[in-house]
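We did not get these values from a lab; they are worked out from the coordinates using the rules stated. Predicted model, so just to flag it, every value in this text is computed and none were measured. Positions of Cβ are backbone-derived with ideal geometry, glycine not excepted, and every protein chain shown enters the neighbour counts.
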């Protein structure tokens, strides 16, 4: 009898203790809401269960860029609600966890669970660098078709040895030549060609008659203001959302290289998830990438229209005059590597279909 009374008292105390865990004195009847906006770091406002999984995502685009918008409005809500709030997503834009090389190293070591990036990893994989060759991709559809095929899988062979898993592809758009001065035919320009100044990018810009210089993304605004450079060849969206189009005087639509990114996740973290969680995250990544592409295409058209309305010259560049040289460069870059040559031919076949 005494034991039964003690057990009853303990049960009552546990029930009352659980009730007092909630400020209102009532158990919640629905899942807490999340903040899905594109301003600042994304951190969900939810009550944290004891078995919470933190998924930190780093990327280098500003908070207003479609990449961040897609992550906050599509990826994070899908993952959090789909996991019944077990997975909490935290998104850090604008190099807040360092530049791409720094936060990608964090993902490899496991201090950051996931990142959006490509250029840093392209130099570490034997096949992926081929995607940076000039005039390889015809349009966005060609890129997505290739990357979602077995070619995309082959291009990322060896990624697991770096401690990474690719769960999706996305794009930042084609590179265009943007100048802060009126273009004079045949005159060289000092242009920013990307944070790492890849060999294919330097080559094609020189072939078009420009003088490429490597300038860090964070320093480009200052470089333009101090006339250290007279333009850049970033994708239009990247330029616009970083404020580099404010003094636009000339736009040459070249589409010479397609900038892409991968949704890269730490391999150990990935293996710690169960199969339904992995499927959920992959589906969310695909939906986020598709939404970003929609935003990019719509924004590109709007920005082009604004340029026209403000009198900025927009000139379509015809690459036919340099294509023989570009094709020769691409084949020289591939060299005698039989697999690279086969991958190159297969990508071109997709383009010509």
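Taking other Cβ within 10 Å of each residue's Cβ, how do 234, 329, 240 sort, fewest first?
In increasing order of surrounding Cβ atoms, one gets 329, 240, 234.
Fewest to most neighbouring Cβ within 10 Å: what's the order for 303, 52, 281?
52, 303, 281
Using the C-alpha gyration tensor of segment 210-303, what are the square roots of 5 times its eigenvalues, in whole angstrom, with the largest one first?
35, 17, 11
When ranked by the protection proxy of mean other Cβ atoms within 10 Å per residue, highest first, what sequence do the peptides 133-143, 106-116 form?
Ranked by mean Cβ neighbours within 10 Å, highest first: 106-116, 133-143.
Could you give the nm distance between label points at residue 247 and residue 218, where each point is 7 Å from its Cα heading toward the beta carbon?
Using points 7 Å along Cα→Cβ, the separation is 2.2 nm.
Mind jotting down the distance between the C-alpha centroids of segment 92-125 and segment 152-166, whole Å?
Rounded to whole Å, the Cα centres lie 14 Å apart.
How much length would be gained if the chain were fully extended between residue 332 and residue 301, taking 0.36 nm per residue of separation minus their Cα-Cα distance, in nm to one decimal?
7.6 nm
Using a Förster distance of 30 Å, how high is the FRET efficiency between residue 353 and residue 199, based on the Cβ-Cβ distance and rounded to 0.05?
Rounded to the nearest 0.05, the efficiency is 0.55.
What is the fewest-to-most order of 288, 178, 272 by other Cβ atoms lying within 10 Å of their Cβ?
272, 288, 178
How far apart, in nm, are the 7 Å Cα→Cβ label points at residue 228 and residue 339?
Here the modelled spin labels are 3.9 nm apart.
If you average the C-alpha positions of segment 195-234 and of segment 294-353 separately, how far apart do those two centres end up, in angstrom?
18 Å
Would you mind getting me the FRET efficiency between residue 282 and residue 323? Use the beta-carbon distance for r and R0 = 35 Å, nearest 0.05.
Result of the calculation: an efficiency of 0.40.
Label residue 274 and residue 52 with points 7 Å out from Cα along Cα→Cβ: what is the distance between them in nm?
2.1 nm
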